[in-house]
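The values are calculated or read from the model by the stated rules, or taken from the named source; none is laboratory data. Quick caveat: nothing in here was measured; it's all calculated off a predicted structure. Neighbour counts are summed over all protein chains in view; Cβ atoms, including those assigned to glycine, are modelled from backbone coordinates with ideal geometry.
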Amino acid sequence: MSEPMTAPKDASNDAPRADFEILYEDDETRITRWRFDPGAQTGWHHHAVDYVTIQESGGELRLERDDGSVTHVEYEPGRTVRYAAPIRHNATNVSGEEVRVTEIEYKTV
């Protein structure tokens with residue numbers, strides 16, 4: 001599951017936080033809907049389990065990892081992406097539009 005973590009020393013956490021709602025959760029799965037206003041971020045967190053995202057909007061997220069690497073994800077409605085744990089990162093909306101995504105975490109293998 002995604003768990004909050006302390007930001008790396010040189011990281012900024014001054015941006016507003018993205019909104020989220022847990023849509024469903026049981027012993028095996030957690031489904032979360034995220035909404036990022038322009039400039040909003042998740043805050044640093046750790047994914048200990050694999051997960052899938054379903055993009056529901058356009059826009060772009062900047063993903064900063066705790067190893068210092070940075071990637072950008074261009075969003076398009078309906079695009080689905082799988083991510084393998086472990087992942088430690090902070091996601092920030094760097095576009096001028098709202099970004100919406102549903103995240104499905106698999107708690108068991």
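Tabulated values for the structure
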{"read-out": "Filter pass, residue 31 being of a type in the set (A, V, I, L, M), surrounded by 13 or more Cβ atoms within 10 Å (Cβ to Cβ) and modelled with pLDDT of 95 or more", "value": "yes"}
{"read-out": "Filtered residues of segment 52-104 (kept if over 12 Å from residue 34 (Cβ atoms), among the acidic types (Asp, Glu) and surrounded by 13 or more Cβ atoms within 10 Å (Cβ to Cβ))", "value": "60, 64, 66, 97"}
{"read-out": "Residue under evaluation residue 47, criteria (1) surrounded by fewer than 11 Cβ atoms within 10 Å (Cβ to Cβ); (2) modelled with pLDDT under 95, criterion not met", "value": "(1)"}
{"read-out": "Scan of segment 73-101 for residues that are in a strand (DSSP E or B) and free of Cβ contacts under 8 Å to residues at least 24 places away in the same chain, ordered by number", "value": "73, 74"}
